[in-house]
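The values are calculated or read from the model by the stated rules, or taken from the named source; none is laboratory data. Fair warning: this is a prediction, and the values are worked out from it, not measured in the lab. Methodologically, a virtual Cβ is constructed for each residue, glycine included, from the backbone with ideal geometry; neighbour enumeration extends over all protein chains shown. Surface areas here come from the heavy atoms of the whole protein model, side chains and all, with no ligands, DNA or RNA. Shrake-Rupley method; radii C 1.70, N 1.55, O 1.52, S 1.80 Å.
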Amino acid sequence: MRSATLPATALGPCSRRHALGLLSSIALCGFARGATPEALRLGQTGMLSGPIGDLGLAMAQGASACFVAVNGQGGVGGRPIELTTLDDGYDAARALANVERLMADRSLLALFGCMGTPTVEAMMPKVLASGIPFFAPYTGALSARPKGARNVFNVRPSYPDEAERLIEHVATIGLKRIAVAYQNNAFGKEIWEGARAALERRGLASVATATVETDASDAAEAAARIVSVQPEAVLAGVAGKPTVALVKALRSQRRGLPIYALSVFGAGSTIDALGDDAVGITVSQVVPYPMGSTVPIVRDFRRDWLAAGHAPEFNHTALEGYINARIFVDVLRRIGGEITRSALIDAAWSMKHHDAGGFRVGFSEPGRSASRYIDMSMVQKGGKFLR
């Protein structure tokens, strides 16, 4: 199982090993050279290639920027953190094979930041059976939040949580005729259920619903169904290819219709493909505005991102990867003795009310997300987000 062959600088100047197309150990290089103590080894599988590879790459780069900075300051307990990342191309079978490969290393401390709803769903049975710490997967799916699983730690809010926040906003500004378009899979159905419940709590109901197949073959039909009822806004619970097809169809049939989307909308490839059709879309965000300077962890991210050799282009996804890594490091530092899998799990569950540089989290019980943070931003000309 090979990882993506990326440019030597794709994950920053310390990650030239990645250009070999083998494993990507992307944080150990931040540690001082010489007699290096045993590393704290983490494993990750994600979409570094494929249609939404820019999302996976940004997540990995953000986490790496944090770990490299920590290693440059002596690591945790004098030990460096080493994150090994494998590319799965957003393919569930490849992701499962990657996880099996990573877990074959008995020294692996945890799986960190694995990405994607279908891929996380595929690996979850093995994760649960193994008991290995599974920290901060990049998905809002409820399937990644199993009740009673002490080894699974979600940071970002769920997709239904994001749908609730968007509906709350739309209702607050006085819009009542709200339509919902959602992807015809488990991901989309969770968003629909979250939106339906949020509407009911406010005495509202969707004026139209439409599903969109993952291949986007019926996107124009879905858009026509929505536009025909003259909604005041539409919630788009789609990701990847269906997003582009649905938004373009909606724009062609009713140019000024307000569109609201979830955080997974924010892939650079999606916004680039939409061009001017993306302008004006409101997106829920599960981390603070990355261009701001008032939140301490955002300032740290921007500093460490640049120190890792990246261009001064900051995005929400990279910041999310950085925040997840910072929270993981904070958990490690709560361990008073030997750093083991069981000690890591206990330390994480002891983190009830934690301030990670202006970003508050708390692991309260299995199945619940540590963060409740959801903000909104709007796409501007040139594909930039405005808070």
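Can you tell me what share of the DSSP beta bridges in the chain is antiparallel? A percent to the nearest 5 is fine. Don't jump to the answer; show the numbers that get you there.
Working: 11 of 41 bridges.
For the chain, the DSSP antiparallel bridge percentage is about 25.
May I ask you to give the solvent-accessible area per residue for region 221-340, in square angstrom, as obtained with a 1.4 angstrom probe? Before the final figure, lay out each step's value.
Values: 4390 Å² over 120 residues.
Using a 1.4 Å probe on heavy atoms only, each residue of region 221-340 averages 37 Å².
Please report Rg over Rh for region 237-291, where both radii come from the alpha carbon positions and Rh follows the Kirkwood definition. Don't skip to the answer; put the middle values down first.
Values: Rg = 11.0 Å, Rh = 11.5 Å.
Over the Cα atoms of region 237-291, Rg/Rh equals 0.95.
Ranked highest first by the average count of other Cβ atoms within 10 Å around their residues, in what order do 349-362, 39-52 fall? Walk me through the intermediate numbers first.
Numbers: 349-362: 15.1, 39-52: 24.1.
Output ranking for 349-362, 39-52: 39-52, 349-362.
Please report, to one decimal in angstroms, the Kirkwood hydrodynamic radius of region 135-211 built from all distinct Cα-Cα pairs. Walk me through the numbers on the way to the answer.
Values: mean 1/r = 0.0750 Å⁻¹.
Over region 135-211, the inverse of the mean reciprocal pair distance is 13.3 Å.
Using R₀ = 56 Å, calculate the FRET efficiency as 1/(1 + (r/R₀)^6) where r is the Cβ-Cβ separation of Ser217 and Lys352; round to 0.05.
Details: r = 47 Å, r/R0 = 0.84.
With R0 = 56 Å, the Cβ-Cβ based efficiency is 0.75.
Rounded, prolate or oblate: which fits region 98-140, taking a ≥ b ≥ c as square roots of the Cα gyration tensor eigenvalues, rounded meaning a/c under 1.5, else prolate when a/b beats b/c?
Values: a/c = 1.82, a/b = 1.57, b/c = 1.15.
Judged from the Cα gyration tensor, region 98-140 comes out prolate (a/c at least 1.5, a/b above b/c).
Can you send over the carbon and sulfur percentage of the accessible area for the chain, probe radius 1.4 Å, protein chains only? Walk me through the numbers before you get to the answer.
Working: 7780 of 14940 Å².
Using a 1.4 Å probe with all protein chains present, the chain comes out at 52 percent carbon and sulfur.
Using the basic label-point model (7 angstrom from Cα toward the beta carbon), what is the Ser252 to Ser107 distance in nanometres?
Result for the modelled spin labels: 5.6 nm.
Compare the peptides 227-239, 62-74, 375-387 by average per-residue count of other Cβ atoms within 10 angstrom and give them in order, highest first.
Numbers: 227-239: 22.2, 62-74: 24.4, 375-387: 14.8.
So the order, starting with the most tightly packed, is 62-74, 227-239, 375-387.
Over region 43-184, one equal point on each Cα, no solvent: what is log10 I(q)/I(0) by the Debye formula at q = 0.11, 0.16, 0.18 Å⁻¹?
Listed by q, the Debye log ratios stand at -0.48, -0.90, -1.06.
PRE reach from Ile173 (point 7 Å along Cα→Cβ): which of region 206-237 fall under 11 Å by backbone N?
Residues 233-234 fall inside that zone.
To the nearest 10 degrees, how steeply does helix 296-307 sit against the main Cα axis of the chain, on a 0 to 90 scale?
Rounded to the nearest ten degrees, it is 70.
Starting from the Kirkwood radius over alpha-carbon pairs of the chain, derive D by Stokes-Einstein at 4 °C in a medium of 1.567 mPa s and give it in µm² s⁻¹. It would help to have the intermediate numbers written out before the result.
On the way: Rh = 21.1 Å.
Calculated translational D: 61 µm²/s.
Using r as the Cβ-Cβ distance of Ala186 and Ala93, and R0 as 30 Å, what FRET efficiency do you calculate, to the nearest 0.05? Before the final figure, lay out the partial values.
Numbers: r = 17 Å, r/R0 = 0.57.
Using R0 = 30 Å, I get an efficiency of 0.95.
With N set to the residue count of region 291-387, report its C-alpha Rg divided by 2.2 N^0.38 Å to two decimal places. Before the final figure, lay out the partial values.
Values: Rg = 15.7 Å, N = 97, 2.2 N^0.38 = 12.5 Å.
That ratio works out to 1.25.
What is the distance, in nm, between label points placed 7 Å from the Cα along the Cα-to-Cβ direction at Leu128 and at Arg341?
Roughly 1.7 nm, to one decimal.
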